[in-house]
Amino acid sequence: MKYKISLLILILFMFTNLYSQSENQGEVESMQLDIETAVQSALENQLSVKTSKIELEKSQRNYKHSWNQFLPSFNASVTGNQNSGLTDSSINSTSISTNLTASLSLDFGLSAKLKALKASYESGQADYADTLRQIEYEVRKAFYSLLYMQSQVDSSKESLDSYKTQYEQTKAKKERGLVPEIDLLSSQVNYESAKIDFKNTEKAYSNALIEFLDQTGIKVAHGQKVSISGSLDDYEELLDFSFDESQIESVIENNSSVRSIKDSLEQAELSKKQTKASSYLPVLSLSGGLNPYSYTYDWASNSTNTSDSWSATIGLSLSLDNYLPGSSASDSIKDLEDSIKSLELQLEDKKQEIKTNILEMLNEIDISKDSLENCKLNVELAKKTYELGLVAFKNGTKDLSSLQTIQTSYTNAILQLRNQELTLINNILELKNVIGE
């Protein structure tokens, strides 16, 4: 009997375990997403990163293979010929010849061209690093915006629960004849409105999350839930960096926008040097030929002839028309000089713009920090007021309308605090992006 009972328990246990496994197989494990994972995924999957990397590899290849500018052009040929006359007195012959030639043309603008290739590669490296930093900035900013929207959802849910409780309490009071019908209807309207508000807030957050996952290239299985982990209180960690106005000048010189103009300016100056050298200095041409074997057989004389030969040529050529006033070469050089002047003006203007922006951002951060402290006090005050109002409403010493006004003030105070935290975070992220951290 004991054996049968033990066997029955074992069978029931196995059946329960198998059923539990089958149920779990149908469930999709939820995903917990943190900011560092999102940043890493974006850096690996963003189209702009892949495109920037392709451009970097292209400029690297052009620079590393710049030595091929000194390779001569080679040509090899083998020629065979047979002449047959229509009469016996005609010349009949067969000939075979081989030919190998090499040529190389060098101008004095080649040095500037090689420097331009090197500058382009170094600029590509900096551009790639800027792309990565910009994407990280955008992802972090979007992530904290999601956290703010999540706080809106939480706040909306708390309001919904509160309005539900008020409706239930008002309904109970109405049944006891303690409140008029209008109070019950008002609490019901507020409750239903809170439902709609919560649903809309939740949908807005869901849509923003979908866009964020697409932006970062994170794949989600069908039916899989995604929750983000983090807090807007991270602004305290983001503030943990030192920067003062004495560092502005060095930051400006290393700024990506300034560096981009500098790179364009350097390219324009090198192009000017290359154009000048190519237009006003002679071009050196080197060529050589080798005929290692030439064979001829004359049928009429029954004679053969073999020979070989070589040749070498060194030449200098100069385009005299480039020295004429108004020549295309002269105009090209003047166009480049105008471009250089324009870029120099842009550079100075951009430096001043960045300096102004940095000073404004530093002031904005200080203002945001002060405003945040005020928001915290406002939340504390609104919370205590709401708690006291809730007790008074339960005791019947405060009406429903007054309680709802207090509750709205409390909800707005919380959202204002979260919004101020987000503002401070965005200001810090923007400053770090500008100074290259």
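Search the range 394-410 for residues that are over 17 Å from residue 155 (Cβ atoms) and pair each with any residue that is crowded, with 16+ Cβ neighbours inside 10 Å and of a type in the set (Lys, Arg) when their beta-carbon atoms are under 9 Å apart and the residues are at least 6 apart or on different chains.
Matching pairs, first to second residue: 396/173.
Across the range 45-61, which residue is surrounded by the fewest Cβ atoms within 10 Å (Cβ to Cβ) among those that are touching a Phe, Trp or Tyr at 6+ places or on another chain (Cβ under 7 Å) and among the polar types (S, T, N, Q)? Break it down stepwise before answering.
Going residue by residue through the range 45-61, those that are touching a Phe, Trp or Tyr at 6+ places or on another chain (Cβ under 7 Å) are 52-53, 56, 59-60.
From the residues that got through so far, the ones that are among the polar types (S, T, N, Q) too are 52, 59-60.
On the way: 52: 20, 59: 20, 60: 15.
Among those that are touching a Phe, Trp or Tyr at 6+ places or on another chain (Cβ under 7 Å) and among the polar types (S, T, N, Q), it is 60.
Report, by residue number, each residue of the range 190-234 that is under 20 Å from residue 423 (Cα atoms), in contact (Cβ under 8 Å) with a residue 60 or more places away in the chain and surrounded by fewer than 17 Cβ atoms within 10 Å (Cβ to Cβ).
The answer is 208, 229, 230, 231, 233.
Please find, among 383, 355, 394, the residue that is at pLDDT below 85 and assigned to a helix (DSSP H, G or I).
394
Are there any pairs with C-beta distances below 6 angstrom linking a residue in the range 165-189 that is part of a helix (DSSP H, G or I) to a residue that is of a type in the set (Asp, Glu) and surrounded by 12 or more Cβ atoms within 10 Å (Cβ to Cβ), with the two at least 6 apart or on different chains, and if so which?
Every condition considered, the pairs that remain are 170/183.
Just one of (1) loosely packed, with under 12 Cβ neighbours inside 10 Å; (2) in a loop (DSSP other than H, G, I, E, B) trips up residue 246, so point out which.
(2)
Among the residues of the range 295-312, are any acidic (Asp, Glu) and in a strand (DSSP E or B)?
Taking the range 295-312 first, the residues acidic (Asp, Glu) are 298, 308.
From what's left, in a strand (DSSP E or B): 298, 308.
Looking through the range 295-312, at least one residue is acidic (Asp, Glu) and in a strand (DSSP E or B).
Condition check ((1) touching a helix residue (DSSP H, G or I) at 6+ places or on another chain (Cβ under 6 Å); (2) open to solvent by 70 Å² or more (accessible area, probe 1.4 Å)) across all residues:
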position: 358; (1), (2): yes, no
position: 364; (1), (2): yes, yes
position: 379; (1), (2): yes, no
position: 385; (1), (2): yes, no
position: 394; (1), (2): no, yes
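If you go through the range 366-377, how many residues are polar (S, T, N, Q) and open to solvent by 80 Å² or more (accessible area, probe 1.4 Å)? Step through it out loud before you land on a result.
Here is the first cut: in the range 366-377, the residues polar (S, T, N, Q) are 368, 371, 374.
Subsequent filtering for residues that are open to solvent by 80 Å² or more (accessible area, probe 1.4 Å) retains 374.
The total comes to 1.
Show the residue pairs meeting these rules: Cβ distance below 7 Å; 6+ apart or different chains; first residue within the range 98-124 and within 19 Å of residue 62 (Cβ to Cβ) and of a type in the set (S, T, N, Q); second residue crowded, with 17+ Cβ neighbours inside 10 Å and at pLDDT 75 or above.
Qualifying pairs under 7 Å: 120/59; 123/263.
What do you reckon, is residue 338 exposed (fewer than 12 other Cβ atoms within 10 Å of the Cβ), farther than 30 Å from residue 245 by Cα, under 34 Å from the mean Cα position of the chain (by Cα) and modelled with pLDDT of 90 or more? It would help to see each step written out before you state the result.
Numbers: exposed (fewer than 12 other Cβ atoms within 10 Å of the Cβ): yes; farther than 30 Å from residue 245 by Cα: yes; under 34 Å from the mean Cα position of the chain (by Cα): yes; modelled with pLDDT of 90 or more: yes.
For residue 338, the condition - exposed (fewer than 12 other Cβ atoms within 10 Å of the Cβ), farther than 30 Å from residue 245 by Cα, under 34 Å from the mean Cα position of the chain (by Cα) and modelled with pLDDT of 90 or more - is met.
Among the residues of the range 161-184, count how many are under 53 Å from the mean Cα position of the chain (by Cα) and open to solvent by 40 Å² or more (accessible area, probe 1.4 Å).
So in the range 161-184, the residues under 53 Å from the mean Cα position of the chain (by Cα) come out as 161-168.
Right, trim to open to solvent by 40 Å² or more (accessible area, probe 1.4 Å) and you get 161, 164-165, 167-168.
The number of residues fulfilling the criteria is 5.
Against the definition (under 28 Å from residue 250 (Cα atoms) and open to solvent by less than 70 Å² (accessible area, probe 1.4 Å)), how does residue 406 come out, yes or no?
Numbers: under 28 Å from residue 250 (Cα atoms): no; open to solvent by less than 70 Å² (accessible area, probe 1.4 Å): yes.
The answer is no for residue 406.
Exactly one condition in (1) open to solvent by 80 Å² or more (accessible area, probe 1.4 Å); (2) modelled with pLDDT of 70 or more; (3) in contact with a strand residue (DSSP E or B) (Cβ under 9 Å, 6 or more places away or on another chain) is false for residue 81; which is it?
(1)
Looking at (1) modelled with pLDDT under 80; (2) touching a Ser or Thr at 6+ places or on another chain (Cβ under 9 Å), which is the only condition residue 42 fails?
(1)
The values are calculated or read from the model by the stated rules, or taken from the named source; none is laboratory data. Values in this document were obtained by computation on a predicted structure and should not be read as measured data. Reconstructed Cβ throughout: ideal geometry from the backbone, glycine too, with neighbour counts over all protein chains shown. Surface areas here come from the heavy atoms of the whole protein model, side chains and all, with no ligands, DNA or RNA. Shrake-Rupley method; radii C 1.70, N 1.55, O 1.52, S 1.80 Å.
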